[in-house]
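Okay, structure first, notes after.
The values are calculated or read from the model by the stated rules, or taken from the named source; none is laboratory data. No experiment lies behind these values; they were computed from the predicted model shown. Neighbour counts run over all protein chains shown; Cβ positions are idealised from the backbone, glycine included. To get the accessible areas, we keep the full protein, side chains included, count just its heavy atoms, and leave off ligands, DNA and RNA. Shrake-Rupley method; radii C 1.70, N 1.55, O 1.52, S 1.80 Å.
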Amino acid sequence: MKTVIMAGGKGTRISSIASDIPKPMIEIDGAPVLEREIYCLRDQGFADIIITVSHLGSVIVNYFGDGSGISPVTGEPFGVNIEYYIEEIPLGNAGALFHLKDKLTEDFLLLNADAIFDIDFNRMVEYHKKKGGLVTLFTHPNSHPYDSGLIIAGKDGSVEQWLTKEDMRPKNYRNRVNAGLHVVSPKILETQVGSSKVDLDRQLLKPLSGTGQMFCYDSPEYVKDMGTPERYYSVCEDYKAGIIARKNLRKKQRAIFLDRDGTINKYVGFLRDIDKFELLPGVADAIKEINASGYLAIVVTNQPVLARGEVTWDELQEIHNKMETLLGYEGAYLDAIYLCPHHPHCGYEGEVKELKIECDCRKPKPGMLLNAARDFNIDLTQSWMVGDGENDVMAGRNAGCKTALISSKGESFGQNLTVPSLKAFTDLQYQT
C-alpha cells in the first residue's frame, strides 16, 4: 500500500521554533519529525512513500533523497522508496492528489506531516477493509475538543456529521476529533472540485458525512499536532518519556479503569436526569494526570437503568456526552467508555426484557475489563480498577488488576489501596 505524506505546510504558528526549515523537519530529540514518521511506517511494511512538498521543500528532498540512503542523524538506513510531488504553485493541502491519480490506483494511506504519531497502521487498514467505505478517519479524544473540529458518528462508526471549529455544535458532545491520518480509496479523486486548489477536509471529506461511505477508526494511540510552540514542547517531553512509542497498540498497554457514579460524578442513586450529572471535585485534574502518564483512562460502568426502562440508549449517550464535554473543558479526556446495560431480576413494569439477563459484563464480573483488554491490547496485571464499591474491587480482582477503593469508611474487600477520592489516587501514583 502506498503512503502519501502531505508535507507542504508553512508552519506559521510554530515559526518561532524554526523559521528556516519546513515544519516536518523540526527536530524531536535530535531527529526530524518526518524521519520518525517514516520509521514508524517502514517498520510496519509501508515503504512506498510519496511526499508532497512546497514551502522549503528542497530541505526535505535533500535530506531524504529517494529513501535509499542513510540518516545523517541516526546512522541507520531510511529503508524506504520515496517519490516527491513538488508544488510549483499552491494547490491547497489536497490539490496534489489529483496530479497523482495515475500513481494512486489502490487504497492508500494519506497522512498529515504536521503531527507526530506512532500507531498500528496495519490494524487501521484492516478496519478500513472490514468497513468497505471510501475513507477511514483516525479519530481520538484530545485535551481541547472545545476548539477542535468534531466528528459525530453512528453506532456503526459511519460519520454522520463533520463539525468544523466554526460550525454550531451540540451543547454536549463526544470528544472525537479527526487526527489527520486517513485510509483513502482512489475513488475519492473522482470528485469534481472545480478548482486546482483543494481543501481536503472541506471539499473531499466533509461532503461524505451522512453517506455511509466514511468511517471513524477510534484509537487511543499517540497522535498530536505540533501547531504551536506549547504543543511542540509537550511532544518533546512525551517522546523523551517514551509515551509516544509506548501507546502504539502493537505494544501492551496499561489502563486505569474507572467506575462512573461516585468515582467520576456525584452519586445520586440511579442517574436518570442529565441535569443531576455533576463532576466530583478534583476529577478532571486526576484524569488529566492519567492522560499525561500514558495510562489509558477507561470507564467501566453498570447501567441497569437501561434494563429497567428508566433511561433510553440515546439518553444515556447524552449523559456520557455531558461527561466528556465537562472533562474536555478542563483539558481531560477518556479513552473509552464500556457499559453493561443488563440486570438479572425480572418482572418489573417498564423493563426491557431482552436486557433482563445474567451476563458476563455486569460488575463484579470482569467482562467489561476483559473486552477492553482485547480491544486495546491491555496488560491487566499492570492496570488498576478504581471505584467506590465492592463490585468495582471484585471486578478488578477478577480481571487480574490492582484495585483501589474510594471510601472513607474503612471497608476491606481485598483492595490494594483505599483512598478518599480519585484525585488522591492519582496523587499517590504520579506525585510520589
Estimated inter-spin distance, residue 190 and residue 241, nm [label 7 Å along Cα→Cβ]: 4.7 nm
In segment 143-200, the trypsin sites (Lys or Arg not before Pro) that fall in loop regions by DSSP, at most 15 other Cβ within 10 Å: 155, 165, 171, 197
Along principal axes, Cα extents of segment 1-130, largest first, whole Å: 43, 34, 26
Label-reachable residues, segment 27-58, where backbone N falls under 20 Å from a point 7 Å from residue 99's Cα toward its Cβ: 49-58
Choice from 261, 199, 107 with maximal GNM fluctuation in the chain (Cα, 10 Å cutoff): 199
Potential extension, residue 74-residue 348 segment - 0.36 nm per residue separation minus Cα distance: 91.9 nm
Cα-based Rg and Dmax for segment 316-432, where Dmax is the largest Cα-Cα distance (Å): 16.0, 51
Simple Cβ-charge dipole of segment 1-114, Lys/Arg +1 and Asp/Glu -1, about Cα centre, in debye nearest 20: 260 debye
Added length on full extension, which subtracts the Cα-Cα distance from 0.36 nm per residue, residue 416 to residue 359: 17.9 nm
Computed [θ] at 222 nm, deg cm²/dmol, the chain (DSSP H ≥ 4; -39,500 (n - 2.57); rounded to nearest 500): -7500 deg cm²/dmol
Whole-Å semi-axes of the ellipsoid equivalent to segment 169-217 (Cα gyration tensor, √5λ, descending): 23, 13, 11
Taking N as its residue count, the alpha carbon Rg of the chain over 2.2 N^0.38 Å: 1.05
Nearest-10 value in Å² for the accessible area of residue 277, using the 1.4 Å probe: 10 Å²
Percent antiparallel among DSSP beta bridges (both partners in the chain, rounded to 5): 35 percent
Of 266/322; 402/423; 288/322; 2/129; 251/365; 101/197, pairs whose Cα-Cα distance is over 21 Å: 251/365
Per the chain, cysteines lacking a partner by the 4.7 Å Cβ criterion: 40, 216, 236, 346, 359, 401
Taking the chain and dividing mean pair separation by its residue count, relative contact order in percent (alpha carbons under 8 Å, at least six apart): 14 percent
Extension gain from residue 167 to residue 147, taking 0.36 nm per residue of separation minus the Cα-Cα distance: 6.1 nm
Relative contact order %, segment 243-325, counting alpha carbon pairs below 8 Å whose residues are six or more apart: 36 percent
Candidates 67, 149, 242, ranked by Gaussian network fluctuation over the chain, Cα under 10 Å, top entry: 242
DSSP loop GluC sites (Glu not before Pro) with at most 10 other Cβ within 10 Å excluded, longest remaining stretch of the chain: 167-348
Cα centroid of segment 305-354 to Cα centroid of segment 212-268, whole Å: 23 Å
The chain: angle of helix 283-293 to the longest principal axis, Cα-based, in degrees nearest 10: 50 degrees
Carbon plus sulfur fraction of accessible area for the chain, probe 1.4 Å, in percent: 48 percent
